1. Could you grab me the full set of residues in region A:163-183 that are closer than 19 Å to A:Y236 by Cα and more than 10 Å from every other protein chain (Cβ to nearest Cβ)?
2. Return yes or no: is B:V546 closer than 23 Å to A:L215 by Cβ and free of Cβ contacts under 8 Å to residues at least 60 places away in the same chain?
3. Looking only at region B:493-510, how many residues end up being facing another protein chain (nearest Cβ under 9 Å), outside any helix (DSSP H, G or I) and either crowded, with 23+ Cβ neighbours inside 10 Å or under 21 Å from the mean Cα position of the chain (by Cα) (or both)?
4. Take region A:247-267 and flag every residue that is under 21 Å from the mean Cα position of the chain (by Cα) and either assigned to a helix (DSSP H, G or I) or free of Cβ contacts under 8 Å to residues at least 60 places away in the same chain (or both).
5. Starting from region A:196-217, take each residue that is touching a residue at least 60 places away in the same chain (Cβ under 8 Å) and list its partners that are in a loop (DSSP other than H, G, I, E, B) and not basic (K, R), counting only C-beta distances under 9 angstrom and pairs at least six apart or across chains.
6. Can you pull out every residue in region A:406-450 that is over 23 Å from the mean Cα position of the chain (by Cα), hydrophobic (A, V, I, L, M, F, W, C) and modelled with pLDDT under 95?
7. Select from region A:194-217 the residues that are within 7 Å of another protein chain (Cβ to nearest Cβ) and modelled with pLDDT under 90 and list them in ascending order.
8. Among the residues of region A:244-264, is any surrounded by 19 or more Cβ atoms within 10 Å (Cβ to Cβ), in contact with a Pro (Cβ under 9 Å, 6 or more places away or on another chain) and either at pLDDT 90 or above or more than 10 Å from every other protein chain (Cβ to nearest Cβ) (or both)?
Amino acid sequence: MGYFDSLSTRREVIRAGAALGGGYFFHSLWNPTQVKAQSRANPRGSARFCLVLMLDGGQSQVDTWDLKEGAWTPEEFDIRNVSGDIGKWPYALYPQLAERFDKFLLARSMGAWDAVHGRAQYYIQTGHPLNLALSKEIPAIGAIVATEYASRRRDTDTLPPYVAMNVVRNQAGLVNSGFLPAKNTPFHIDTTTKLSAYALAPEDKPDFERRWKLLKEFDERLRTETSLAAKTYRDYNDHYEGAVRLMSDPRAARIFQLPSEERTRYGNSRTGDACILARNLIEADAGTHFIFVDVYNWDQHSNIYGSDRPRRAGNPYPSTHQEVSLELDSALAPLLDDLSGTKRTDGTSLLDETLVVCMGEFGRTPGPLSVINGRDHFPGAFSALFAGGGVKGGRVLGKTDEMGATIVESGWHEKRPIYPEDVAATIYSAMGVDWGKQVHETPSGRTFYYIEPVTAQSHIVNFQEVTEFFT
Amino acid sequence: MLRMQVSQQRWAGAGALLLAGVLLLAWGRPAFTQTPATPKMDQSHRVAGAVDNRTSASELTASVAGSTDESAGTVARRNLVDDYIFGKMEADGIPHAPLASDTDFIRRVYLDLTGRPPAPAEVKSFVASTAPDKRDKLVDSLIGSRPFLSKWTYWFGDLARANGNRIGNDGKNLFYQWVYNALQINTSYDEMVWLMLTAEAVSNWYDGPASYLARWVIIGATCVDTVHEDTSDEIAVHTAMHFLGLNLQCVSCHDGRNHLEKVNLWLTEQKRNDFWQQAAFFGKTRILRRTEISTARDEYSIDDYGEGYSAAGESVNRVPRMGKEMIEPAFILTGEKPDPNKPLRDEFARMITSHPQFARATVNMFWAEMMGVGIVDPVFDFDLARQDPKNPPPEGWSIQPSHPELLNALAVDFAEHGYDIQRLLRLIATSSAYQLSSKFPGEWKASYAKYYARKFVRRLTSEEIYDAIVSATNMFEEIPIRGTDLTVHYATETRSPEDMRRFTNAAFFLKVFGQANRDYSERNNQGAIDQAIMLMNSPFVTERVVAAPGSFLAELLSQEPALSDEQMIEELYYRFLSRPPEPEETARSSELMATNRQQGLEDLQWLLMNKLDFIFND
C-alpha cells in the first residue's frame, strides 16, 4: 500500500512500473534525445461539437472501467464478465453503460503528468502544464476551439462558443481565454441556480423588455458615447446586447429548461442536468461548440465504498464511489442515447458530430484500500471514455497489469500512455483544428504551441492524435 | 484571428546591458530624492512585458467618465504625491481634470479604502459639511475602521492566496485573524513580512503568520518532504513577487538570457543558479503535513531541520535541476551571503525588508490599488534595469516607472515612517492626484494617461459588486465562516471564497464576476456576457429587486408618514449610486411610478443595479 502512496512524479511512476516488471515501454520517454519538429497537423474534422466531462478528483479506474477485483471489492458491485475486451464490469455501478458498449470506447492506458488536483486539472482544461510564469496567457482548449470557430459563427448564433458547467470546486478554477479575445472566455453555468436567468419565460418577457428599454434610456450617455476613448465602455454594453440577444432567442427557452421527466430520465443530479443542457446546446446548434462539465466528487481518500459512515445529511454531492458512479451512469447513458437517436436533416446523428470525452485528472491508487478505506492519487495508469465524433465504439484500447498499476499495452501506435496533450490533440483534430499551430509573440514574448512538445518535467514527447480511436 | 498585444515591446537595441550591480549601487538611499523633479517625458515611453494596464484603464476611464465642461482650474498640491504628479504635468504642459465632486469623491474613497459604497446619510452629511478639511477627515475616519480592516485583510488573503483547500479551515481563519489584528494595531509592514517569513510552527492552525509559507508547499502524492526544493522554489518566487515586485517565475526554470530579451532587461542577466541561491534561504525549511494517514488534511508544521537546497533535487513542477551540489544561499539583489551564525530565514527577512526595492515594490502595490494603475505596472513585473533615469537603459527601452522620482520618494517616506501602511494609504487618498475627477475637460489624449491626468475608473471587484447589492437592498445572507460559529454579511468579510459556497446563487454570481479561488485561478476583472445576464436576470439580483419583506424597498414603502415619489427616488439613488438624482432622472423615475408605484420602484431598483455607474468606481 505504502508503495503506491509514494508515487508522486512521472519518474517515480516509471520506476514503480519497472519494479513491477511492466515499465519497459517507457524507455523512449526516459531518455528524450531530440525535439521532433511539429509538422503541420492534418486535422480530421470529424466533429463540430466537443463535450468534456471531467471527473473532478480522479476516478478510481480499478473500481470502474478497468475493474480489478480483490478482497476489498464490495459484493454489491455485482461484477460480471463481459465477452470481448471489456472483461469484468461492475453492473451495479454502471448498469446502463453496460447495455451500450457499442456506443463508446474505453482507453485503459491513460497517463497523467501530475498527482496534485489543481495542476492535473489544469492539464485537462488546457492540455498544457501549469506554468505560473505563463498562466495568465495560456488559453483553455475550449477557448482555442472558440477562437478557431469564430469565422464560422453565423449572424443567427446567439449562444457563446464555449460553455462551462458546474465548475464549482475545480481547484484549477476555470481557465479562461488567456491571450485570446475575451469573447472566447468560458460562459459559466451552474445548473443548481435558476436557469430561467438565461431564457426569458413568456410571462417575464414584458417586464424584461420594458426594463431593458428603460435601461437604454436611463443609461444612454454612458452606453452610447461614440468617442474612440469610450471603447471599453461600449464593450461592456456589447456584453449587455449579447446577453439580451441570447435571452430573447426562442431557442434559449428550449435549451435552458429541465423538465422533471427529463431530469428523472437523466438521474436527477447535477451531472444529469448538465448533460441535458449539453444535449440541448448541441441539438440547437446555436453557436456553442465546446462544453466543459465538471463532475464533482471523485476524490475519495477515505471511506470510498461508504462502509465506514453514511453520507452526511444535506451534502448535495454524491459521496461514495457507488453514488458518483451511478450518477455518472444515469447521466451518460441517456445522453449517448439522445445524441445518437437525434438526427440532423442529412441523417447524421448528433453523436456523429460530437466528440464526448469523459475522464478524471488522474486515477486512484490500485490494490487494497488505504488504512482509512480510501484510495489516493495515482497518475500512472487510469481509464477514460470516448464516444462520438468519429470514435469507433465497442472497443477497449490499452491494458494494465493484474493490479491495474502498470500499463502493459498502450493500445495505440505510440508505446507510451495517452497523456492529456494527446487528448487535446485528439480533440483539436476531431474538431478540425490544426493542432500543430504555433502562435508567436504572445504577451510574454514566448511562442505558444497548441500542443506543447515539452512537458513540465522537460520530457520531450511527440504528442499526437490518438488515431486509433477513429479506425 | 489571433490578437496581438499592442503593448508588445519590440526589443530593438542589442546594446550593452546594464549590470544590475551598478544600478544597485545607484540605489542606495542617497540616490532617492525628495525634490520634485520635472524631467522631460520620454516620448518613446513604452511598457514592456505583460499586458499594459495603463492603456486599458485609461480607455475605461474615458469611456465611463465622458467629459465635463468644468475647467480644471488650479489644484492645490497637498503633499509629495502632488509635487511629483502635478510638477510633471506642468513641466510637460499636460492639462488635467479638476478635482472630483464631493459625491464622486466619497463613493470613490469608500470603495477604495473599505470596499463598500457609503451609506446615504454619510454622503449627505459629507456634502453638507463646509469644513475645509472634510476630505482629510473622511479619509482619517475610514482608515482603521472595521470595513477598512475587512477589505484589506481580504486583500491580503487574496495576495497570500489563503484558502481552506491549502491550509485548512483553521489555517485560513487564523491567518485572517492575524492579518486583521496586525492591520488593526497598524503593525509596521516590514514586521508583518518578517513574521511571515520567519514563522516556525508546530502547526499553522495555531500560528497565524505560518500559513503564509505553509500555503506554498508543493506536495507530490505523499505527505513527506519529497519535493523539498520545489517548495523552496515556490516560496522564493512568491516572496520575490509580493515583497520585491519581481517576477522570478521564468528564471526559476532557466537562465534569463536568450529568453527574456523582449520582456525584462534585468531578468536577462539573472541565471537559474542565482534563483537557486535565493531559494536556498529556504533550503533548510521543512513544511510538513501533520498527518500520518491521509493526504487530505491541510495542517502543516514549519521547522528548519532540512538538509539544504540540493541542485540535484527532484522536481514535479519545474524543469529538472540536473545539478549536483548543495546550493549556498545568496540574496539575488545584492549577492549578500547569510551570517552563518544566524538563522537563514532571519537573514533573508533582514535582507528583503532592508533593501530599498522592498519599500518601492510595496508602495507601488498599494498605489496601484488606490490609483488603478501602478507607477510600475504590472506591479509584480519590475524591470530593475529600467528604474533610474540617471542610468538610462539601452536604446529601444524606456524607463519603466511612469514617475521614477515619485516612486522613490514614496518609498523613502514609507521606510522613514516605519513602513506604516495606514500612513501610506492616507498620503495617497488625501492627495489631489487621487482626488482628480475621472471626467476630463476638453479632448482626452491617450498620452495623458501615464501622467494620471485624470482618475482611472475601475470595474468594482466581484466581491464589491456583491456587497454593494446586498447593502443597498438590505437583503443579506448570513454567511457562516467555515470552521467557526461566526456569520458575516459581506463577501469582503469572508475569510476565503469557499465560505460562500453554501449560497449557490451568490457563490455563482461571485464566480461569474471573476472572483479568484485563491487556489490556482486568479482574479479576473474583464467583462463578459454572463455578467450582464447575472445583473439583469439572475436569481441573486431578481430576488433583490422586489420589495420583499425586510428589504429596504419594503421599508421605504411602509414608512409613516408616507414618502413622496421624489423622496423615494432620491433615497434609492443615494443607496445605489451615492448621489442624488439629476432633475431629469427624478422626472423620468416619477413617470415609472405613475401607474403602479411598487412596480415603478422595483423597475427603478433594477435600473440602478444595471446602470454602469453602479458597477464602476469613478
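1. Matches in region A:163-183: A:G178 only.
2. yes
3. 0
4. A:I255
5. A:S196/A:D204; A:S196/A:F256; A:S196/A:Q257
6. Matches in region A:406-450: A:V439 only.
7. A:K194, the sole residue that qualifies.
8. For region A:244-264, residues surrounded by 19 or more Cβ atoms within 10 Å (Cβ to Cβ), in contact with a Pro (Cβ under 9 Å, 6 or more places away or on another chain) and either at pLDDT 90 or above or more than 10 Å from every other protein chain (Cβ to nearest Cβ) (or both): present.
The values are calculated or read from the model by the stated rules, or taken from the named source; none is laboratory data. The shown structure was predicted, so the numbers you read here are calculated from the model rather than taken from an experiment. Note: ideal-geometry Cβ built from the backbone for every residue, glycine included; neighbour counts use all protein chains shown.
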